[in-house]
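What follows is calculated from the coordinates using simple rules that are stated; it is not laboratory data. It should be emphasised that the depicted structure is a prediction, and the values quoted were computed from it without experimental measurement. Cβ atoms come from the backbone with ideal geometry, glycine included; neighbour counts cover every protein chain shown.
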Amino acid sequence: MGKYFGTDGFRGEANITLNVEHAFQVGRFLGWYYGQQHKAKIVIGKDTRRSSYMFEYALAAGLTASGADAYLLHVTTTPSVAYVVRLDDFDCGIMISASHNPYYDNGIKVISGTGQKIDAAIEEKIEAYIDGKSDEIPLATGADIGRTTDYVSGRNRYIGYLISLATRSFKNYRIGLDCSNGSSSAIAKSVFDALGAKTYVINNEPDGTNINRNCGSTHIDVLQRFVVDNQLDMGFAYDGDADRCIAVDEKGRVVDGDLILYICGKYLKEEGKLKNDTIVTTIMSNLGLYKALDKIGIKYEKTAVGDKYVYENMLANGNCLGGEQSGHIIFSKHATTGDGILTSLMIMEAVINKKSTLGTLASEVKIYPQLLKNVKVADKKEARENSNVKEAVEKAASELGDDGRILVRESGTEPVIRVMVEAESDDLCAKYVYDVVAVMRKQNLIVE
């Protein structure tokens, strides 16, 4: 974790912790860094936040001032930027988005030429430049100054790519889409309409301030009601930049990332397409997922929280499916990042080819009750390594046995210890979480 760049780019409140000067400096550095041996080509996408337009032009100004050419995809999704970077041999891509955060936040995600998040070493160099700890970068002059190009055609090719991945027509399926008033508003309906679905869309009228507001994958209750009220076959909700997908079955029940991994993993295994018969998860996936995977002979890897770590594991071990409970699902055959619209297409493929319903496919997994408590502490390491706290955690783990689990970890961005318990009942979850928290309080580790 750097000073500015976290696990998902440089993120903060627009013009407070992330301002136009920062964006200009990021553009200046990237334009120079990738342009040392040739004229750099860098593509930019943005979500629908009011501040995204401001940051788009600040980044473009920085890039062109350093001599790079900037190609503007305009409003588009994070996975589309990763796709276009790879397809059209850009040096790197930039996505302006704060994902599922409120509209007043924003972020700058830098994507490498291979469609992955850039190395931490490059992020450190950007930070050093922002803080004036590296040499000044020369301004381009004359014919060396870069230019901007409208590149909406790149987004259109991405739409065509998604459509080409479908193996069956969606005719006769009634599908609901919650676009979160974000990036998917410009793409998702076109894809489902082209594949023959009867598409019903909500929250696809962005105004710059309504992205993620009581809608999308973080407010799934809206889509649940919509699917039930309109008697739809299923629904899909995306977040602001559409790299997440949470589904809703025909009865309005939530199908989260863990259930999506199970449904798609089982389908791919039956088709002989699940490499190594393995799924990559994070440590936050539900115990119920692992028990269900054990029953059908699918192995699993566990990584730290973050789709970045999931993809690194997939790449290192040749696995083709991985993701997070939050709906970041990666199909490495088709994409290098989580892709919400692609995920919904893969779910549709499983449902159609198995001649089933989404609810039936998801019903094979018993999700265990879970309680997560965020505890503010003075020192994260001291709290986690305290001998009394460790003893309480070990005692809880022993008593839970194979019918539950406890996980205590440090937050990567806040002065917080996260205590999570999964067990067969909500009461058991509460008991073991608060047993551990009580020990932390007794040891004077908690900041009240």
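Here are some notes:
- For the stretch 332-391, a simple Cβ point-charge model (Lys and Arg +1, Asp and Glu -1, everything else neutral) yields a dipole of about 80 debye relative to the Cα centre.
- Cα-centre dipole for the stretch 166-362 with unit charges at Cβ (Lys and Arg positive, Asp and Glu negative), debye to 20: 660
- Residues ASP8, ASP277, ranked from the fewest to the most other C-beta atoms within 10 Å, line up as ASP277, ASP8.
- Low-density loop cleavage sites - trypsin sites (Lys or Arg not before Pro) in the stretch 261-295, where at most 14 other Cβ are within 10 Å (DSSP): LYS273
- Charges were assigned to the Cβ only: +1 to each Lys and Arg, -1 to each Asp and Glu. The resulting dipole of the chain about its Cα centre is roughly 760 debye.
- Cα extents of the stretch 370-442 along the three principal axes, largest first (Å): 32, 23, 18
- Extension reserve of the THR141-ASP88 stretch, reckoned as 0.36 nm per residue once the Cα distance is removed: 16.4 nm
- Which of HIS74, HIS328, HIS100 has the fewest Cβ neighbours within 10 Å, and the rest in rising order: HIS74, HIS100, HIS328
- Computed over the chain: relative contact order in percent, which uses C-alpha pairs under 8 Å that are six or more apart: 12
- Expressed as a fraction of 2.2 N^0.38 Å, the C-alpha radius of gyration for the stretch 166-362 is 0.96.
- Inter-centroid distance (Cα atoms) of the stretch 366-390 relative to the stretch 301-361, Å: 28
- Positive-end residue of ILE96, ASN386, ASN230, charge dipole of the chain with Cβ unit charges: ASN230
- Largest first, the extents of the alpha carbon coordinates of the chain on the three principal axes equal 72, 60, 40 Å.
- Residue exposure sequence - HIS219, HIS38 - by fewest surrounding Cβ within 10 Å: HIS38, HIS219
- Inter-part distance where the stretch 181-226 and the stretch 394-419 are each reduced to a Cα centre, Å: 35
- Simple spin-label estimate for LYS198 and ASP277 in nanometres, 7 Å along Cα-Cβ: 4.2
- Segment GLN37-ASP427, length gained on full extension (0.36 nm per residue, minus Cα span): 134.2 nm
- Label point distance in nm, LYS3-ASN172, each placed 7 Å from Cα along Cα→Cβ: 6.2
- Cα convex hull volume per residue for the stretch 5-155 (Å³): 100
- Cα-projected label distance for GLN443 with THR357, points at 7 Å along beta-carbon direction, nm: 4.9
- The calculated 222 nm mean residue ellipticity attributable to helices in the chain amounts to -11500 deg cm²/dmol, summing -39500 (n - 2.57) over DSSP H runs of n ≥ 4 and dividing by all residues.
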